[in-house]
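Report on the following structure.
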Amino acid sequence: MSSKFRPFIDSATNLKELTFGPILMGVLLGILFGASSLYLALKVGMTVSASIPVAVLSITLFKGLSKMFGMRRATILENNMVQTTGSAGESIAFGVAVTMPALLILGYDLDLPRIMTVSILGGLLGVLMMIPLRRALIVKEHGKLIYPEGTACAEVLIVGEKGGSSGKIVFAGFFLGLFYKFFNVGMRLWKDVPEKVFSFFKGSAISAEVSPELLGVGYIIGLRTAAIMMAGGVLSSFVLIPMISLFGGNLTEPLFPAKILIKDMEIHDIWRNYVLYIGAGAVAAGGIISLFQSLPTIIHGAKSGLKSLLGKNENDAESNERTEQDLPFSFVIIGTLLMVLGLWFAPALHINLLSAIMIVLFGFLFVTVSSRLTGEIGSSSNPISGMTVATLLLTCLVFLAVGWIGPEHRVGALSIAAVVCIAASNGGTTSQDLKTGYLVGATPKYQQIGLLIGALTSSIVIGYSLILLNDASTVYTKNVPDYVVQDLSQLKEKQKIKGPESTLDRNEYSVLQVTEQSEPEMLKVLGPGKYLVNNEGKVIYLVDPGINGSINKRDDGSSVTKYEAPKARLMSLIIDGILTQKLPWGLVLLGVALALVLELCGISALPFAVGVYLPISASTPIFIGGVVRWLVDRKKDHQSEVESETGTGVLFSSGLIAGGAIAGILLALTQIMPGLSEKLDFSSSIGGLSSSDVFATFVFLTIATVLFVIGKKKA
């Protein structure tokens, strides 16, 4: 080890590290934060690092268990093992949310074996690829690659070892977010999306989803990024939608890709039919631009990775010191070969040997890039989406060149992109964890074992969480065209209605999937989507999914929460655009031009594009959180970056995010339990306040004020 650096725990010191208790706690916290990150990524297409809150919770929980039951206090290396194992859930959740929901848009069901296979293989591949890179990126580049979240997490562990703890702040935020969400969405005591439509400016409106998790996201990412994202929302709601209403209001025929007249559309209809494609083009362009901006780093990182793989010189020889022991390189080779075989033979993925090899090559490239970029600019700014877009574009072009354009090839292309995305995301997180371990004096091979365990366990649970959220918000509507399927061989296996509507109809129906490649007449009458058909071939229900669905109310008038999953829609647009060559390219190119304009102005296009893509209701609370962070930072001058990233406001916001997201998942469970959601509804008990925009805004600003007060406190 370099004589210029000494970790907090000397390499000769042997403390307990890889023990059952910390691994179990890391697994449980990884599942918790993985589920909350999945919920957040489905709503707004982003997540925040889980390492710091997991480290704080580990220190606090082990101290509490020590006082209550007289147990031995955990060592700093055991607490580090908890955050190492627990951090994998967040990165895997992001990769799953970015890619897998695209299956619904492409006309397929969310298949649990497929999701779990992609999650497990991608998560394990990200860890395996990072093992031979640790010495090159973490050790040799120490002092050059900062790894901001990893450094901040090490500071938290060291402070905790010396006696400090801010766990109660994370817990306070968690329970406030949990109960707020339960009272708001579960008991419906106040509106969850207050809105003001401006009658004097047709097509314009301002709204805000008053959720604690989005407020916390805004605080963590800061005012600059939150304001750019809000600017995209303002452009969408106050320029694009009113402009389309103004110029399209007199059209006498529907304008592609919509099927109804613009004058008959609500604001949300205009956004979904037109602005969404503009935003998708901007997101794609922003991701690719960020990737090109990182090309020097990509090339340098790829060279470093190849050198590390091809061999080490005498100065890199394997050391006997505990702090320099990695899992053996033979383990990486065997593991990678098993990954290739697993990808090739997994029936759910529709992948052949060429595709499996492409995954490993793309995986190594982008894990290297992701790890290096994370070291330079942190996880929050790491362009994982851009890497995924590049992978998907190249894969689809290869498939098109060799004539693979069938339905199974669309699933194969998405599977390749999904595994690479999850691997790159987890590779960046793995490098942050290894940096933390390097600073505190952990044993790398033990961390790598913990990462593999965390990736495996989180992957298993995330698939169930994704399907739960989708099923709970799926709408079965009988408002469908009168159509009878003539060729019954097109129908798939029979299914029953799921969720709260299952009590109204317990019959079994055959499934009809209408895609862009279906019969022209069927596609014209029904439109793309999933339908339930009776034994005579008559279409009875349209199944509108909870993720990227367009129907926000059931036939009985009850409201339903939908998840936009912005990055997943982008993936489906790329696949459809290249393999089926059917896409409203004019709208997409408008978005590309918007991204170019922003970049020419010196502004990062990606957060702006996400703001255009999402409804303004998602950007507004994030912006308010950014304003609160700005007000807090004004009161705290001369903070270091580490102090800023581990401050009380960040910890409280992490708790808000976890609490609000977990409450959202628990409330999704109430949706699929017939009658329970109605029993929780207490809106009538407080009269008009439950439907008041002013009251909802007041309650939300109250928790924003609480965040400001706590953020001003010293850590």
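Every read-out reported here was derived from the displayed coordinates using simple, explicitly stated rules and does not represent laboratory data. As the structure is a prediction and not an experimental result, all values here were calculated from the model. Every residue, glycine among them, receives a Cβ derived from its backbone with ideal geometry; neighbour counts consider all protein chains shown.
Here are the numbers:
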| item | result |
| --- | --- |
| Candidate lysines - alpha carbon under 19 Å from K67, same-chain residues fewer than 8 apart omitted | K162, K168 |
| Peptides ranked, highest mean first, by Cβ atoms within 10 Å: ranges 130-136, 589-595 | 130-136, 589-595 |
| Given the chain, longest segment not containing exposed loop GluC sites (Glu not before Pro) (DSSP; at most 11 other Cβ within 10 Å) | 267-535 |
| Three-way shape label, region 533-574, alpha-carbon gyration tensor, a/c 1.5 | oblate |
| Cα pair distances exceeding 39 angstrom across the chain, given as percent | 32 |
| Spacing of the two label points (7 Å from each Cα toward its C-beta) at F69 and V694, in nm | 5.3 |
| Rounded, prolate or oblate (a/c below 1.5 giving rounded, otherwise prolate when a/b exceeds b/c) for region 159-229 by Cα gyration tensor | oblate |
| Whole-Hz couplings from phi, Karplus 6.51/-1.76/1.60, listed for region 699-707; x for Gly and Pro | 4, 5, 5, 5, 6, 5, 5, 4, 4 |
| Amide proton proximity set for V543, modelled H, under 5 Å, gap of 5+ | K530, Y531, L532 |
| Region 64-208 shape via C-alpha gyration tensor axes, a/c threshold 1.5 | oblate |
| Helix 407-440 axis, angle to the chain major axis (alpha carbon atoms, nearest 10°) | 30 |
| Average silhouette area of region 1-145, convex hull of alpha-carbon atoms, in square nanometres | 11.4 |
| Simple label model, 7 Å out from Cα along Cβ direction - D471 to A593, nm | 4.6 |
| Rounded to 10°, Cα long-axis angle of helix 353-377 versus longest principal axis of the chain | 60 |
| Around M81: net Lys/Arg minus Asp/Glu count, Cβ-Cβ under 11 Å | -2 |
| Selection of trypsin sites (Lys or Arg not before Pro), region 500-575, meeting DSSP coil and at most 15 other Cβ within 10 Å | R506 |
| Acute angle (nearest 10 degrees) that the helix 20-44 long axis makes with the longest principal axis of the chain, alpha-carbon atoms | 40 |
| Neighbour net charge for P254 - beta-carbon separation under 13 angstrom, K R +1, D E -1 | 0 |
| Normalised per residue, the volume of the convex hull around the Cα set of region 130-200 (Å³) | 237 |
| Among 222-233, 52-63, the order from most to least packed when residues are scored by Cβ within 10 Å on average | 52-63, 222-233 |
| Binned Cα-Cα distances of region 475-544, short to long, each 5 Å bin given as a whole percent | 3, 17, 32, 27, 13, 6, 2 |
| ³J(HN,Hα) computed for each position of region 250-260 - Karplus, 6.51 cos²θ - 1.76 cosθ + 1.60, integer Hz, glycine/proline x | 9, 5, 9, 9, x, 9, 3, x, 6, 10, 10 |
| Flagged links, alpha-carbon separation over 26 Å, of K16/K445; K191/K524; K196/K713; K140/K712; K43/K498; K196/K712 | K191/K524; K196/K713; K140/K712; K196/K712 |
| Cα centroid separation, region 676-715 to region 118-154 (Å) | 40 |
| Mean Cβ neighbour count within 10 Å, used as a protection proxy, ranking 392-398, 70-76 highest first | 392-398, 70-76 |
